[in-house]
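Here is the structure we will look at, set down as structure tokens.
Derivation of every value follows stated rules applied to the coordinates shown; laboratory data play no part. Every value quoted in this text rests on a predicted model; they were computed, and no experiment measured them. Cβ placement follows ideal geometry from the backbone for every residue including glycine, while neighbour counts extend to all protein chains displayed.
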Amino acid sequence: MDEVSCQEPSTSSPEEFQQVWKGIWKIRTPNRIHHFIWRAARDSLPTKLSLKARHLPVEDTCELCGDFQETILHGLWLCEHAQAVWKSDINFVPYYKKGFRSFFDLLEEVLRKGSTYHVALFSSMAWCLWQRRNRLRMSQSVWPLHENGERAKGSGLGVVIRNCTSHVIAALSQKIGLPHSMETTEALAALRAIVFAKELSVFKVVVEGDCLKVVQALKARACCNTLYGTVIEDAHYQGASLQACHF
Ligand SMILES: [Zn+2]
């Protein structure tokens, strides 16, 4: 079949290679998506082609279209199922005018031309496509293809409230739009945790989180000159109306 293989070497210079690796860690997405994009760029996702190359007893044909080998570039970009998703967003259509030899080359182009938001959206959409492909492979239920973009635009935050003996007394998860950064998501989670505690009439709380920067900003109580600074201020404001709120 007439499809460029992802095994083709990239034509990028060493400097351009470095720019891509640096660019990946600046993408404003959760760590799991950073890691996924990094693996995709390194051509180290377990595609059917790579599994077959490792002598696993699988056919290397894409299960969704049945026409081409399942490479990373095929699964995430060239497959008609992937194209239906990307071409539903006008910002990604122009990239189809150019042929790419690998996912790395595609990513390089997106990092060079896309806005911060669209680079993040590209990464999240690719991740959702890969998740959907894997779920189909394992005969698990999946979301309709046309919902892929909306799923990628949504991020989630989770809050768990424990009592003084560490037993979970309440939990919530909430979808939010594609945030500026993981720090913003963490700050929003802290704010939501405080508001949630008030809704449950819990008036003495200790807020914990995974992001050191956000925890430090919450502890500092000084003006926070970051994109998520207003969220930190809101968290302080909400926390001040509790009997005790420690970070
Ligand atoms: Zn396919």
Virtual spin-label span in nm between Asp210 and Arg112, 7 Å along Cα→Cβ: 3.4
Expected output is a single nm value to one decimal: the length gained when fully extending between Ser88 and Val142, i.e. 0.36 nm times separation in residues minus the C-alpha distance. What is it? 17.6 nm
Between Arg162 and residues 5 or more places away or on another chain, which pairs have amide H atoms under 5 Å apart, with H built 1.01 Å from N, and which residues are they? Ile169
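Taking the Cα centre of the stretch 14-142 as origin, sum charge times position over the Cβ atoms of Lys and Arg (+1) and Asp and Glu (-1), and report the length of that vector in debye to the nearest 20.
Value, rounded to 20: 400 debye.
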List every residue whose amide H lies under 5 Å from the amide H of Gln69, counting only residues 5 or more places away in sequence or on a different chain, with H placed 1.01 Å from N in the peptide plane. Cys62
Surrounding net charge for Ala217, when Lys and Arg each add one and Asp and Glu each subtract one, Cβ distance under 15 Å: -3
Find how much the distance from Val160 to Gln18 grows on full extension, using 0.36 nm per residue of separation minus their present alpha carbon separation; answer in nm with one decimal. 47.2 nm
Toy charge model, Lys and Arg Cβ at +1, Asp and Glu Cβ at -1: the chain dipole around Cα centroid in debye, rounded to 20, equals 720
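So if R0 is 30 Å, what FRET efficiency would Asp234 and Gln131 give, r being the distance between their Cβ atoms, rounded to the nearest 0.05? Each step should come with its number before you reach the end.
Values: r = 32 Å, r/R0 = 1.07.
It comes out at approximately 0.40.
What share of the DSSP beta bridges in the chain is antiparallel, in percent to the nearest 5?
Numbers: 10 of 13 bridges.
Bridges in the chain are about 75 percent antiparallel.
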Among Val110, Leu45, Trp25, the residue whose Cα sits farthest towards the positive end of the charge dipole of the stretch 8-112 (+1 at Cβ of Lys and Arg, -1 at Cβ of Asp and Glu, taken about the Cα centre) is Trp25
Once every DSSP H run of n ≥ 4 in the chain is given -39500 (n - 2.57) and the sum is divided by its residues, what mean residue ellipticity at 222 nm do you get, rounded to the nearest 500 deg cm²/dmol? -14500 deg cm²/dmol
Would you give the gap between the C-alpha center of the stretch 181-221 and the C-alpha center of the stretch 65-107, rounded to a whole Å? 39
Long-range amide H contacts for Arg28: which residues qualify at under 5 Å (H placed 1.01 Å from N, peptide plane, sequence gap of 5 or more or a different chain)? Ala120
When you count, for each residue, the other Cβ atoms within 10 Å and take the mean per peptide, how do 163-175, 124-136, 50-62 rank with the highest first? 124-136, 50-62, 163-175
